[in-house]
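Note sheet for the following structure.
Please treat every number below as a calculation from the coordinates, not as lab data. On a predicted model such as this, the values are computed, not experimentally measured, just so you know. Note: ideal-geometry Cβ built from the backbone for every residue, glycine included; neighbour counts use all protein chains shown.
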Amino acid sequence: MSIIDKVYEVLCKLEESMPEGVSASDIGAAMNINRSNASRYLNILYKENRVEKIQGRPVLYKSIIKDSSHQIENGKYSLDKMVGAALSLAIPIQKAKAAVLYPPRGLHTLILGETGVGKSMFAELMYRFAVESKVLQEKAPFIRFNCADYADNPNLLTAQIFGVRKGAYTGADTNRDGLLKKAHEGFLFLDEVHRLSPQGQEMLFTYIDKGFFRPLGTAEVVEYANVRIVAATTEEPQSYLLKTFTRRIPMVITLPALGDRSLMERYSLIETFIKEESLRVSKSIYINKNSLVAYLLYDCPSNIGQLKSDIQLACAKAFLNYKSSNDSYILISQSDLPNHVIQGLMKIKYHRKEIEQILNSTDDILKFNQDKKQKIYIGDEYSNGEDFYSSIEKKLESLKNIGIDEKEANEILNIDIETHFQKYIGNISDKLRREELSKIVNIEVLKLVEEILLLAQQSLLKEFDEKIYSGLALHLERSIERVKKGEKIYNPRLNFIRINYEEEFLFATKIAKLIDNKFSIETPIDEIGYLAMFFSATSSKADIEESNKVRVLVIMHGKTTASSMADVANSLIGEEYAEALDMPLSMKPEAMYEIAKRKALDINEDRGVIILVDMGSLTSFGDMIMEDTGIECKTIDMVSTPLVIDVCRKAMMGYELKEIYYSIIEKNMQSNEKSERRKNKRMDAIITACFTGEGSSKRLMGIIEEQIKKEGQIKIIPININIDFKKRLDELKESYNILAIVGTVDMDTGHIPFIPAIEILDGYGIYKIKEIIKEEDIFFKIGKSLNDHMVIVEGEEIAGEVKHVIRSIEKDLKMKISNDVKMGIALHISFLVDNILNGISSRSFDNLSEYKDIYRKELKQIKKCLEPLEVQYGINIEESELAHITKLFLSNNNSVK
């Protein structure tokens, strides 16, 4: 369980004795953590909409999930908050309120409706309304009983409701009260009441008519109870049994079937159910538009209950994919939907106008979480900052010749390096000589790659072949260009790479400095993750087989649309690879599906078929073909000619079906996973402090200002040590990021570096300040980059705190770590903190006991330096992770002893 979940659990327990709300201090005291940590965790829960915040002194928090059914929220009763309360359920709700409020004790009620329409929920909401309206006491009982559970034993069924006297039937050994007595002053809900035996029905009608009943097995004993009966049945209104009930029970409420409710109501139900699952997994859930349309239109004979189950099934499959693929998001796609749900897309032509009113036509993917819905546009075109690295830009001119602009042409040739790195390397031709490579890659880049791989061989003790050389050269050519243009580089697998390729990642941070110095750029941390993948490669992939490839099928509405696209693609790639099916607008989807299924069977080579379509019912064909034939299929909609060319090219190169599919789909999702951050960097400052008064401090200030004026906007603040130095320093920390303190005496200010005044005069102190400024800039950039990757903590906040930890370790262990290695260590510790808070298990450390024996002193010192971080976030860094951190420091110590 993560720390956030623990805080939530404690809050819920405290609410039992603090119904007015729980403060951060209450949480802190209960969990033995400081108030500021408790406040931060509560605010995270507030952002996740798991708690509500009550402003005041102090601020109080209450769980939203906690049962607040007996309170009227926003002036609405529970019944009024049902989906469709103002539409299809308006009359049933009106009747329900009348039944509850009718004097003197309300009316018994019969609820009619098909299986799954929500009869049980409706009955419970009637009870809640009675409590909210003060008709019933706060703790009045609500007892639910399904008569079908005992239908095979009429005596036992009757005894459950009315009670039983000893000896009434075989097995009745004692007197026992029934549910009717236990429900006194409350509600008794009898589901499937038609399963009562004739005897049980008469006993129930006697109570309804006269207000008393006799337990089973006695004719003398009469018992009274004040109970409101709400019964429910799926029986047809015309049935004899139901006519009997409707004569004896005055209020009859009929709930509509799902098919009789509006699509807007169904949409609201779908939204509610997905949000419930989002709350269950504590993570936002995405669903593509076609999947949502399928849920809106499919035949759902078991009504709301089935709709909820079908949504839960899709969410479970999407969650499994998220876990097994180590993705950064949960996406419900058509492949996650049951086949009977996908069939709903066949009806889209009959409901297009209504669908467009509900769903904005430009919203291709919707995001649901527990507190809100966010529509996200994902289209065909991607901005320059959102694409991934291009592979060798062959045939670029040919693409331009058919009218494709350079941006779209580059998009065609993209290979998703993140998930397909091995394929990227394996597809580089062995025949690509260095002199040929020099025609498309800058000579300076090639020279740098030679130097980098030589250093890599020495540092990592690996051999790198020509494919790695060519791949890295092509990659660097593009990445340097992107950085110079200011294009964003995002690596969603950064944490994975850092953990699984630790040595290669640290080496990549060093290499980044070489690249920066050579080309006057600043390599982003996310790009360092990509570089590490090249250094982790050990061998080239085997040549791709010439046979058994993924086949491509283009299906479009219109007489020649698909054929035209396929012809252009086949002409460009030099092979009749794409198959086309044109669907006239007059053709029914069912007829087109049969043609598409036969075509898939004909072209399949046992590696699957990727189906490229424009829109509508065609988007469901892939999943339907897979269900009916067993052929693995993936469907991509809203395709363009460049996309068809790209898919054909990758299929011909031997890519797997999923590789082709996700190279198109995942980049869209990743572009929408970016979040905006709210923090801004505080102004940097250097303090000059002297015992002799502010005059000396100001002279030091003048020297420093003159020497570092080119380093950016840094404020030099002179203060007098004699005047409550610590208090003044604390005040300045509120407004400034203190880089260093320059003075005549080291005041032992913890993690803030101290520079003796004498060193300023001899020049060495100025060098130290410039190094500190460089380091500060590195950590600021680390923080900015981490904002895209942290789940719980704020990137800039954790980066600043880790900076202090690293400085403390350097000071205590008398070691010096280079800035590039600090970057890698900072990322390691930052991700570690976030993982611990997120409940992710620690990694093991080989031969931990032996390592502890050898480096006991260092482990103890580093543990002490990490304690402020543990206290700040309320975590415990286990020994195995402590050993990993210690190893990183000891193996990268640059100090001269």
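Below are the figures for this structure:
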| item | result |
| --- | --- |
| Charge dipole of segment 165-311 about the Cα centre (unit charges at C-beta), most positive-ward option of F189, T272, V252 | F189 |
| Charge dipole of segment 705-766 about the Cα centre (unit charges at C-beta), most positive-ward option of Y764, N722, L739 | L739 |
| Spin-label model distance (nm) - K715 vs E487, 7 Å beyond Cα toward Cβ | 4.0 nm |
| Distance between modelled label sites at K860 and D606, nm, 7 Å Cα→Cβ extension | 6.5 nm |
| Long-range amide H partners of G186 with built H, under 5 Å | R228 |
| Calculated FRET value between S309 and E522, using beta carbons and R₀ = 56 Å, to 0.05 | 0.60 |
| Table column - 3J(HN,Hα) (Hz), segment 185-196, Karplus curve with 6.51, -1.76, 1.60, x for Gly and Pro | 6, x, 10, 10, 9, 9, 7, 6, 5, 5, 7, 5 |
| Under the Karplus curve 6.51 cos²θ - 1.76 cosθ + 1.60, θ = phi - 60°, whole-Hz ³J(HN,Hα) for segment 94-111, x wherever Gly or Pro sits | 4, 5, 4, 4, 4, 5, 6, 8, 4, x, x, 10, x, 10, 5, 10, 10, 9 |
| Around E185: net Lys/Arg minus Asp/Glu count, Cβ-Cβ under 15 Å | +3 |
| Dipole in debye (nearest 20) - segment 264-327, about Cα centre, beta carbon charges: Lys, Arg +1; Asp, Glu -1 | 200 debye |
| Size of electric dipole in segment 204-251: Cβ of Lys, Arg +1 and of Asp, Glu -1, about Cα centre, debye, nearest 20 | 140 debye |
| Under the Karplus curve 6.51 cos²θ - 1.76 cosθ + 1.60, θ = phi - 60°, whole-Hz ³J(HN,Hα) for segment 269-281, x wherever Gly or Pro sits | 5, 4, 4, 4, 5, 5, 5, 4, 5, 4, 5, 5, 9 |
| Centre separation in Å (Cα based) which lies between segment 28-63 and segment 833-850 | 28 Å |
| Debye, to nearest 20: dipole size of segment 802-897, +1 on Lys, Arg Cβ, -1 on Asp, Glu Cβ | 500 debye |
| Alpha-carbon centroid distance for the pair segment 552-582 / segment 738-816, whole angstrom | 60 Å |
